[in-house]
Amino acid sequence: MSTRQAWTSALWVATRKELREIVRDKRSLYVLLLLPIVLYPLLLVGSLLAANAQVTKLAKAKHVVWVQGLERLPAELRERLSVVQPIPDQPEKKFRLELEEAPPEFLAEAPEVSEWDEALIRQRVAAILPAVPELVRDQTASFEVRYNGARDASGLVSRGISRSIQEWRESLVAARLEEEGIAAAALRPVESVRVDRGPPGALAARTLSLLVVILALSSAFYPALDLGAGEKERGTLETWLLAPVPRVVIAMGKVGATFLLALTSAALNLLSLGVTFASASRFTPGGLEELQLSMGLGVPFVMLLVLVPLVLLFSALSLALATFAASYKEGQAYLTPVMALGTLPAMAAALPGVDLTPSLALVPVLGAVLLMKGLLAGTASALGTFLVFGSSLAYAALGVRWVAALYEREEVLWRPAAAQAPDLF
């Protein structure tokens, strides 16, 4: 057997051994591999259904609105305010309002000089119209709508009242134009229409690419922690180091096992989130077109290809820091800041106006997130894909080289829990 074949065989044996170590912990395996398939559809679709159910529940109730000077309220406006529509895209969600004259004690409290209204705070009413202005020709009458922003029902009622007043204003304008013999189109000599002809799902592309990278980072967290600090804490690292294989093979086996498990988890996350976003609008009565995704069959495969060096980088970095730690608790202390720092470039990619450029393609993590966002939105280029993949592969190679170097250092492998931790800063 040649030297190359011997190394390959030893690396495969080491990788299988580390995979068995991880697979034995069934709870971690369920969290990493099985939970994403069920959790994310339940979270997104379930939250959408729950939100619609709550709005439907609020729409079935009657909401009291106090009006100071109710007898002066025009009949047409009063009829419009009996049923209002707070959400423009959901006409089936209409709120029934019960208009009442503001009681004398409310007027005696002089609420206009207070910072808040007790009636709104105590949830006695959903909204208050403190005055009904007189309609004077050639003057603008202003309606003040007071509500409690801490209550969803009050906020929705105030929006519905404002929409009804605006619709009533348009009907008044149309009636006055008709009296003067002026066509209503005279007030709109020019108008613009925005037509989005790009692939749907710009918001979904930004959100999905961010989530996939963050979840890929978290997928490498626990396997690396178990194979690094966990093995030191269990006292099994010494036996493994006595095996007749080079230490670099042991290091590569740990990296390979962490990488395979993290990549599998990332692929499942990508599949689960993609299906969830693609079908999310079907589970809501009003529809959420901004969550729809339109992608070719090759886009998920390219995204998975981009994730390969990125997951390898995350696996190597996580394993390197976990190797420094002498205990599982200490390893969590090292890796938790890495989780926070790793999400910053991913979050920066979601900022407005941040698009993939040749320079940003070379930034770790940020370039990968921008590329995946571009792939989902249909704006990615072949040059950007090549730069992101190449740079991520180079960073991953440096991370793997760091892990291999650590397994040649005795002070790192045999560091007891009572020894001084390395100064990472």
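The values are calculated or read from the model by the stated rules, or taken from the named source; none is laboratory data. Fair warning: this is a prediction, and the values are worked out from it, not measured in the lab. Methodologically, a virtual Cβ is constructed for each residue, glycine included, from the backbone with ideal geometry; neighbour enumeration extends over all protein chains shown. All accessible areas refer to the heavy atoms of the entire protein, side chains included, with ligands and DNA or RNA removed. Shrake-Rupley method; radii C 1.70, N 1.55, O 1.52, S 1.80 Å.
Here Ala174 and Leu393 are evaluated by their C-beta separation; at R0 = 56 Å the FRET efficiency comes out at 0.30.
Between Glu408 and Lys60, the modelled label-to-label distance comes to 7.1 nm, taking each label 7 Å out from Cα in the direction of the beta carbon.
For Lys93, the accessible surface of its heavy atoms amounts to roughly 10 Å² (probe 1.4 Å, protein chains only, rounded to the nearest 10).
Would you mind calculating the gained length between Ala183 and Glu144 on full extension (0.36 nm times residue separation, minus the Cα-Cα distance), in nm to one decimal? Walk me through the intermediate numbers first.
Values: separation 39, 0.36 × 39 = 14.04 nm, distance 3.04 nm.
Residue separation times 0.36 nm, minus the Cα-Cα distance, leaves 11.0 nm.
In this structure the amide hydrogen of Ala127, modeled in the peptide plane, comes within under 5 Å of the amide hydrogens of Trp66, none closer than 5 places in sequence on its chain.
Fully extended, how many nm does the chain gain between Ser162 and Ala348 (0.36 nm per residue separation, minus their Cα-Cα distance)? Let's see the in-between values first.
Working: separation 186, 0.36 × 186 = 66.96 nm, distance 3.62 nm.
Extra length from Ser162 to Ala348 when fully extended: 63.3 nm.
Near the amide H of Glu101, within less than 5 Å, lie the amide hydrogens of Val67, all on another chain or at least 5 residues away, with H placed in the peptide plane. Label separation (Ser192 vs Val275): 4.2 nm, computed from points 7 Å beyond Cα along the C-beta direction. If one puts a single equal scatterer on every Cα of the range 355-402 and applies the Debye formula without solvent, what log₁₀ I(q)/I(0) results at q = 0.15, 0.20, 0.22 Å⁻¹? Values returned for q = 0.15, 0.20, 0.22 Å⁻¹ are -0.34, -0.56, -0.66. Once a ≥ b ≥ c are taken as the square roots of the eigenvalues of the Cα gyration tensor of the range 326-368, is the result rounded (a/c under 1.5), prolate (a/b larger than b/c) or oblate (a/b not larger than b/c)? Taking the square roots of the gyration eigenvalues as a ≥ b ≥ c, the range 326-368 is prolate.
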